[in-house]
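Engineer: If you scroll down you'll find the structure; I have some questions about it.
The values are calculated or read from the model by the stated rules, or taken from the named source; none is laboratory data. This structure is a prediction, so every number in the text was calculated from the model and none was measured. Because the Cβ atoms are built from the backbone with ideal geometry, glycine has one as well, and the counts that use them run over all protein chains shown. All accessible areas refer to the heavy atoms of the entire protein, side chains included, with ligands and DNA or RNA removed. Shrake-Rupley method; radii C 1.70, N 1.55, O 1.52, S 1.80 Å.
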Amino acid sequence: MKVLLWHVHGSWTTAFLEGRHEYLLPVVDGPDGRRSPDGLGRARTWDWPASAREVTPEQLREEDVDVVVLQRVRDLELVREWLGREPGHDLPAVFLEHNAPGLEPGDGPVPHTRHPLADRDDIPIAHVTHFNRLFYDNGRAPTTVIEHGIVDPGERWTGDLARAAVVTNEPVRRGRTVGADLLPGLAAAAPVDVFGMGLSGLHERHGLDPDRVTLYDDPPQAAMHTELARRRVYVHPVRWTSLGLSLLEAMHLGMPVVALATTEVVEAVPAGAGVVSTRPEVLWDAVRTYLDDEDAARLAGKAARAAALERYGLARFLADWDRLLEEVTR
């Protein structure tokens, strides 16, 4: 099939593009010379296959699109404008919902957040976790869950650096949502390396000691995986979000996991793969244990990798998406 989708979530798209279809990625230049969110095109920090082609809105009109994977309400408008077709009516469509409810402006209070497609029954909503489907008010929209799939980076954990690793994007802006306020407690238990985008100002905002917390701003994915695998333990201090792909990637690397028991984490991290709790003091004790006991960290990491491969493997993910795309285009 020819599948139209926007580059919205780089890590998720990296897995999706491993499928057997042809993928059309809109590219639009913004007024400042940088690419617009309406068309980011191919990624620059992920390795995407040649089957993922950049197309301008003008070129897109010449393409015979079979199905569109919508990820924002804005995408509905762009399809109408660029293709002159109505998603769900004369163009098969799926709405991929990445987020847990309550994260976007105007979402309303959880658990009463009504999905923006809740009043339609012609476009199925594909949630990425069962938690998200449960907590959204999906109205009369048909729903399904296609859990994440990961391009396996390989079992690479060495743990030779007795440090904790955290991956988070925009923690200064997102604050308590991603657990940025918990970093001082974590840093008291272990030296911490924070990877992600938008890290500038994190030390100042939360009073972090630069000697205890080191920032790695926007590294390429492959380089980040190499660095993560050297850290002794992966810490996921996020209060409220969809299931973080960086958590699943760390598990694939063979890292032991210490995580807040919120949203879908309790489903993703089984016993033996690490420590999951809603009590930060329990998490910090676990971090200290893994830093002191490399063998315990290794065993937990192997359990984490086995669980991630079984539940979040790429083949299952792609097969689930093929079934859904075939269903909506039938």
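Engineer: Relative contact order, percent, of region 58-194 when contacts are C-alpha pairs under 8 Å separated by at least 6 residues?
Structural biologist: Once normalised by length, the contact order is 16 percent.
Engineer: Between region 255-289 and region 62-99, what is the separation of their alpha carbon centroids in Å?
Structural biologist: Cα centroid of region 255-289 versus Cα centroid of region 62-99: 39 Å apart.
Engineer: Round to the nearest 0.05 the FRET efficiency obtained for Leu299 and Ala50 when R0 = 35 Å and r is the Cβ-Cβ distance.
Structural biologist: Efficiency, rounded to the nearest 0.05: 0.30.
Engineer: Just in region 14-51: which trypsin sites (Lys or Arg not before Pro) are loop by DSSP and have at most 11 other Cβ atoms within 10 Å?
Structural biologist: Sparse-neighbourhood loop trypsin sites (Lys or Arg not before Pro): Arg20, Arg34, Arg44.
Engineer: Please calculate how many Å² of accessible area the chain carries per residue, with a 1.4 Å probe and no DNA, RNA or ligand atoms counted.
Structural biologist: Here the residues of the chain average 43 Å² of exposed surface.
Engineer: Could you tell me the calculated FRET efficiency between Arg85 and Glu58, based on Cβ-Cβ distance and R0 = 25 angstrom, to the nearest 0.05?
Structural biologist: Between Arg85 and Glu58 the formula returns 0.95.
Engineer: Of the listed values (1) 20.3, 61; (2) 20.7, 70; (3) 21.8, 75, identify the label whose number matches Rg and Dmax of the Cα atoms in Å calculated from this model.
Structural biologist: (1)
Engineer: Which percent of the accessible heavy-atom area of region 119-161 goes to carbon and sulfur, probe 1.4 angstrom?
Structural biologist: The value for region 119-161 is 48 percent carbon and sulfur by accessible area.
Engineer: Here is a further query. Based solely on its DSSP helices, what 222 nm [θ] is calculated for the chain when runs of n ≥ 4 H residues each add -39,500 (n - 2.57) and the sum is averaged over all residues, nearest 500 deg cm²/dmol?
Structural biologist: -9500 deg cm²/dmol
Engineer: Give me the percent relative contact order of the chain, please, defined on Cα pairs under 8 angstrom at least 6 residues apart.
Structural biologist: 14
Engineer: Using 13 Å as the cut-off for backbone N distance, which residues of region 225-246 belong to the label zone defined by a point 7 Å from the Cα of Asp292 along Cα→Cβ?
Structural biologist: No residue passes the distance filter.
Engineer: On to the next question. Translational D (Stokes-Einstein, µm²/s) of region 200-288 at 20 °C and 1.002 mPa s when Rh comes from the Kirkwood sum over C-alpha pairs?
Structural biologist: 152
Engineer: What is region 1-49's relative contact order, in percent, from Cα pairs under 8 angstrom and six or more apart in sequence?
Structural biologist: 41
Engineer: Within region 120-226, list the GluC sites (Glu not before Pro) lying in a DSSP loop whose Cβ has at most 15 other Cβ atoms in a 10 Å radius.
Structural biologist: Answer by residue number: Glu155.
Engineer: Could you tell me what percent of the DSSP beta bridges with both partners in the chain are antiparallel, to the nearest 5?
Structural biologist: 5
Engineer: PRE reach from Glu77 (point 7 Å along Cα→Cβ): which of region 34-64 fall under 13 Å by backbone N?
Structural biologist: Those under the cut-off are 37-38.
Engineer: Still on this structure, please answer the following. Which of the trypsin sites (Lys or Arg not before Pro) found in region 285-320 are in a DSSP loop and have at most 15 neighbouring Cβ atoms, other than their own, within 10 Å?
Structural biologist: Listed in order of number, the matching sites amount to none.
Engineer: Determine, from the Cβ-Cβ distance of Glu310 and Ala223 and an R0 of 25 Å, the FRET efficiency 1/(1 + (r/R0)^6), rounded to the nearest 0.05.
Structural biologist: The calculated FRET efficiency here is 0.35.
Engineer: Which value, in debye to the nearest 20, describes the size of the charge dipole of region 4-100 about its Cα centre when Lys and Arg Cβ atoms bear +1, Asp and Glu Cβ atoms bear -1, and nothing else is charged?
Structural biologist: Roughly 300 debye, rounded to the nearest 20.
Engineer: Might you report the magnitude of the Cβ-based charge dipole of region 54-194 about its Cα centre, with Lys and Arg at +1 and Asp and Glu at -1, to the nearest 20 debye?
Structural biologist: 740
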